1. Can you compute 3J(HN,Hα) from phi for each residue in segment 64-71, using the Karplus curve 6.51 cos²θ - 1.76 cosθ + 1.60 with θ = phi - 60°, rounded to whole Hz and x for Gly and Pro?
2. Using θ = phi - 60° and the Karplus relation 6.51 cos²θ - 1.76 cosθ + 1.60, list the HN-Hα couplings for segment 99-114 in order, rounded to whole Hz, with x at every Gly or Pro.
3. Roughly how big is the chain's charge dipole about its Cα centre, with Cβ charges of +1 (Lys, Arg) and -1 (Asp, Glu), in debye to the nearest 20?
4. Over the chain, with a Gaussian network built from C-alpha contacts below 10 Å, which listed residue (PRO111, PRO66, PRO42) shows the highest mean-square fluctuation?
5. Go through ALA81, ILE64, TYR54 and say which Cα lies farthest out towards the positive end of the charge dipole of segment 1-135; charges sit on Cβ, +1 for Lys and Arg, -1 for Asp and Glu.
6. Can you run phi through the Karplus equation (6.51, -1.76, 1.60; θ = phi - 60°) for segment 26-35 and list ³J(HN,Hα) in whole Hz, with x for Gly and Pro?
7. Where only protein heavy atoms count, and the probe is 1.4 Å, what is the accessible area per residue for segment 57-125 in Å²?
8. For the chain, what % of the accessible area comes from carbon and sulfur atoms, probe 1.4 Å?
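The values are calculated or read from the model by the stated rules, or taken from the named source; none is laboratory data. These figures come from a predicted structure and were not determined experimentally. As a convention, Cβ positions derive from the backbone with ideal geometry for all residues, glycine included, and neighbour counts pool all protein chains shown. Areas reflect the complete protein model, heavy atoms only, side chains present, ligands, DNA and RNA absent. Shrake-Rupley method; radii C 1.70, N 1.55, O 1.52, S 1.80 Å.
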Amino acid sequence: MEIYQFVFIGLWLILATIVFQAMVMVSAHRAEKGYKVGKIDPDLGQESFFFRSYRTFWNSLENIVPILGMSIVAILAGYSAFKLSIVIWIYAISRIIHMILYYFIATEKNPSPRSLFWVLGLLATIYLVVDFGIFLIF
């Protein structure tokens, strides 16, 4: 397992980022005017930091499942620690940049700069799915 140390650190960073996002989202929600536990104003949009922090958190949750699951199976199968660490670190850094841009850019424009980093994370995931699948077959 020592050869996967950089993978584990990258996975820790991804998960720690999501914990951070949850804390930011909860803080932003509690700071909202008229805050009520579990109630989100459906009229909120990109101009609201709470809306953006909420969407950032949920976007991360939606995207973590494939990369995390695939990484665990890849480790158990003996997939290249070097390749996996590169994929995980590309994903981790792209998700952090995506988060920062989502927090600071309030736009309805699509694609926005944050979309580019979302796509980079998606491409890292797709690469892992395909390359790991090839590893398993051959």
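1. Values, residue by residue: 6, 4, x, 5, 5, x, 5, 5 Hz.
2. Result, ordered by residue: 4, 4, 5, 5, 5, 9, 10, 9, 9, 9, 5, 9, x, 10, x, 5 Hz.
3. Working: 10 positive and 8 negative charges, 51 e Å.
Its charge dipole is roughly 240 debye.
4. Per the Cα network of the chain with a 10 Å cutoff, PRO42 tops the list.
5. TYR54
6. In residue order, the calculated couplings are 4, 4, 5, 5, 5, 7, 5, 5, x, 3 Hz.
7. Values: 3520 Å² over 69 residues.
That works out to 51 Å² per residue.
8. Details: 5970 of 8270 Å².
Result for the chain: 72 percent of the exposed heavy-atom area is carbon or sulfur.
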